[in-house]
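Structure first, then comments.
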Amino acid sequence: LKNIRIAIDGPASSGKSTVAKIIAKDFEIIYLDTGAMYRAATYVALSNGLDEADFAQTINILKENPISFGASSDGQLVYVGEVDVTEAIRQPDVTNAVSGMAAIPEIREYLVDVQRVIASHGGIVMDGRDIGTVVLPDAELKIFLVASVEERAERRFKENLQKGIETELTTLQFEITERDRKDSTRKISPLKQAADAILLDTTGIGIAEVVERIETYAKEL
Ligand code: C5P
């Protein structure tokens, strides 16, 4: 299991990162949050005042100030160059603009290259939208995590409250649906279940149970 590569894909707020982090800890493997990379790119674009039409220019800034990860007592930190963007990339302005950034071919090409380098030694669980289909098509285990939009909005609502962000539940449902629509209909690497991925519907199922199921699949390989 030390060298296993696990791909966890699925729509927004389906619990991918929560379960991926636990699995990484249990199996003592790396966790890579690929969504954080698209978010970091989006944050860079917005803070440089770029319009969506100019988002591709972000790549030049990222080459000078690469995205990297660090650890803290309460989770993973995300940096762009020397700047800690961990909290900034979770703000609603970034969340609502990220699908536009993620649809740009040059950005995906750049980030996918970085992701493959990080995964090249194995022993990794990655979550995203295109891990099983594009980034690691030969991953040993692929999971496609889904849940009802109502439940996902509810989870995001609670997460946001903990961060002190207040959002209407119906607004969240709308935003999640919109993000999934954009991510599933884009031309390049759309959100899609890989043919050999295991579909796991987590509606009404607790985190521990989801983790348990995925770890059982991994041990059975
Ligand atoms: O996983 P998270 O919700 O943080 O991802 C943010 C956004 O990044 C997604 O809505 C999607 O547009 C993009 N993304 C992607 N491919 C990935 C991971 C995330 O296009 N592998």
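The values are calculated or read from the model by the stated rules, or taken from the named source; none is laboratory data. What you are looking at is a predicted structure, and each value in this text was computed from that prediction instead of being measured. So basically every Cβ, Gly included, is an ideal-geometry build from the backbone, and we count neighbours across all protein chains shown. These accessible areas exclude ligands, DNA and RNA; they are computed on the full protein's heavy atoms, side chains included. Shrake-Rupley method; radii C 1.70, N 1.55, O 1.52, S 1.80 Å.
Brief remarks follow.
- Scan the range 70-91 for residues that are modelled with pLDDT under 95 and within 16 Å of the chain's Cα centre (by Cα) and the total you get is 5.
- Leu136, sole failed condition from (1) open to solvent by 50 Å² or more (accessible area, probe 1.4 Å); (2) under 20 Å from Ala195 (Cβ atoms): (1)
- Residue tally, condition under 22 Å from Ala153 (Cα atoms) and of a type in the set (A, V, I, L, M), over the range 53-100: 5
- Taken over the range 14-29, residues that are open to solvent by 50 Å² or more (accessible area, probe 1.4 Å) and in contact with a strand residue (DSSP E or B) (Cβ under 7 Å, 6 or more places away or on another chain) amount to 1.
- Each residue in the range 1-53 was checked for being touching a Gly at 6+ places or on another chain (Cβ under 8 Å), away from the ligand (no atom under 13 Å from the Cβ) and under 24 Å from Ala195 (Cβ atoms), and 3 of them qualify.
- When the range 171-189 is limited to residues that are of a type in the set (Lys, Arg) and surrounded by 13 or more Cβ atoms within 10 Å (Cβ to Cβ), the one that is farthest from the ligand (Cβ to nearest atom) turns out to be Arg181.
- Taking residues in the range 148-164 that are among the β-branched types (Val, Ile, Thr), and partners anywhere that are surrounded by fewer than 16 Cβ atoms within 10 Å (Cβ to Cβ), the pairs with Cβ atoms closer than 7 Å and at least 6 places apart or on different chains are Val149/Thr177.
- Residue ID - most open to solvent (accessible area, probe 1.4 Å), chosen from residues in the range 39-53 that are under 18 Å from Leu111 (Cβ atoms) and among the charged types (D, E, K, R): Glu52
- Test: residue in the range 194-213 that is open to solvent by less than 50 Å² (accessible area, probe 1.4 Å), in a helix (DSSP H, G or I), in contact (Cβ under 8 Å) with a residue 24 or more places away in the chain and away from the ligand (no atom under 14 Å from the Cβ): yes
- Subset of the range 116-171 (residues that are among the hydroxyl-bearing types (Ser, Thr, Tyr) and within 25 Å of Arg213 (Cα to Cα)): Thr133, Ser148
- Applying the criterion of being surrounded by fewer than 16 Cβ atoms within 10 Å (Cβ to Cβ) and at pLDDT 95 or above to the residues of the range 144-167, the residue that is nearest to the chain's Cα centre (by Cα) is Ser148.
- Filtered by the rule that a residue be near the ligand (Cβ under 10 Å from one of its atoms) and assigned to a loop (DSSP other than H, G, I, E, B), the range 112-142 gives Arg129, Asp130.
- All positions within the range 105-128 that are open to solvent by 10 Å² or more (accessible area, probe 1.4 Å) and either at positive phi or in contact with a His (Cβ under 9 Å, 6 or more places away or on another chain) (or both): Gly122
- The residues in the range 1-13 that are open to solvent by less than 50 Å² (accessible area, probe 1.4 Å) and at pLDDT 95 or above can be counted, and the count is 9.
- Among all residues of the range 65-85, there is at least one that is open to solvent by 40 Å² or more (accessible area, probe 1.4 Å) and within 13 Å of the ligand (Cβ to nearest atom).
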